[in-house]
Amino acid sequence: MFDQALLKQAEDLLERYRQADKRLATAESCTGGLIAGCLTEIAGSSDVVDRGFVTYSNAAKTQMLGVSPDLLDHPGPGAVSAEVAAAMAEGALQVSRADVAVSATGIAGPGGATETKPVGLVYLGWARRGAAAEAERFVFPGDRSAVRLATVTEALRLLQGAVS
């Protein structure tokens, strides 16, 4: 499923976290666990990857990560938003032993899109202990698989920059 370049990126990321003595967690919606899956494809990743949360439903985001229903429900920004991506990353930190968390929420398609939230829209969030969570907006081209794989690639890039 993951090509050699992406696996090398994951391996390098894990080594960087290992050298920094940091752990990470993932909180995923539209990727359905692919970020954690890519990281854990690397043998020995359990000393860095603390846990991965698949929160595909809004109820799971609330129950597992403590995301406020006010963010998810109307008139809030909705599940596909920077606010929810940041809350997911922060929630993953709160319920794990990780030092850094990354989250993904978006519309991989083909359904579920609106004029303001097109297929390919993804928000990635990240949080570090002791710092405010952040989120970034992306619009990835292609079909469902392409959007999900582009999200994994970008999440690994964000995680590289989040470790100090």
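Apply the Karplus parameterisation 6.51 cos²θ - 1.76 cosθ + 1.60, with θ equal to phi minus 60°, to every residue of the range 53-64 and state each ³J(HN,Hα) to the nearest whole Hz, in sequence, with x for glycine and proline.
10, 9, 10, 5, 9, 5, 4, 5, 4, 6, 5, 8
Please arrange Thr114, Thr153, Thr26 by how many other C-beta atoms lie within 10 Å of their C-beta, fewest to most. Kindly include the intermediate steps, with their values, before the conclusion.
On the way: Thr114 11, Thr153 19, Thr26 31.
Final ranking by Cβ density, sparse to dense: Thr114, Thr153, Thr26.
Just one of [x] 109; [y] 236; [z] 98 is volume of the Cα convex hull per residue in Å³ as worked out from the coordinates here. Which one is it?
Given [x] 109; [y] 236; [z] 98, the structure-derived one carries the label [z].
Testing the spin-label approximation: label points 7 Å from Cα along Cα→Cβ at Ala59 and Gln4. State their distance in nm.
A separation of 4.5 nm, rounded to one decimal place.
May I ask which residue of Met1, Gly52, Ala104 lies farthest towards the positive end of the charge dipole of the range 1-129, with charges of +1 (Lys, Arg) and -1 (Asp, Glu) on Cβ and the Cα centre as origin?
Gly52
Which far-off residues, 5 or more places away or on another chain, put their amide H under 5 Å from the one on Ser103, with H placed in the peptide plane?
Result for Ser103 returns Ala27, Gly125, Trp126.
Restricting to DSSP loop positions (anything but H, G, I, E, B) with no more than 14 other Cβ atoms inside 10 Å of their own Cβ, which GluC sites (Glu not before Pro) remain in the range 98-146? Numbers along the way, then the final one.
Details: sites: Glu115, Glu134, Glu136; in loops: Glu115.
When the GluC sites (Glu not before Pro) of the range 98-146 are filtered for loop state and at most 14 Cβ neighbours within 10 Å, Glu115 remain.
Exposure proxy check: Phe53, Phe138 ranked by fewest other beta carbons within 10 Å? Numbers along the way, then the final one.
Details: Phe53 22, Phe138 15.
Final ranking by Cβ density, sparse to dense: Phe138, Phe53.
Cα axis of helix 144-162 to longest principal axis of the chain: angle in degrees, 0 to 90, nearest 10?
Around 50 degrees separate the two axes.
Show me the trypsin sites (Lys or Arg not before Pro) within the range 69-164 that DSSP assigns to loop and that have at most 12 other Cβ atoms within 10 Å of their Cβ. Before the final figure, lay out each step's value.
Details: sites: Arg97, Arg128, Arg129, Arg137, Arg144, Arg148, Arg157; in loops: Arg97, Arg129.
Passing sites in the range 69-164 are Arg97, Arg129.
Readers should treat all values here as calculations from the given coordinates under stated rules, not as data from a laboratory. Predicted, not measured: the structure shown is a model, and the values here were computed from it. Please note: Cβ atoms are built from the backbone with ideal geometry, for glycine as well, and neighbour counts cover all protein chains shown.
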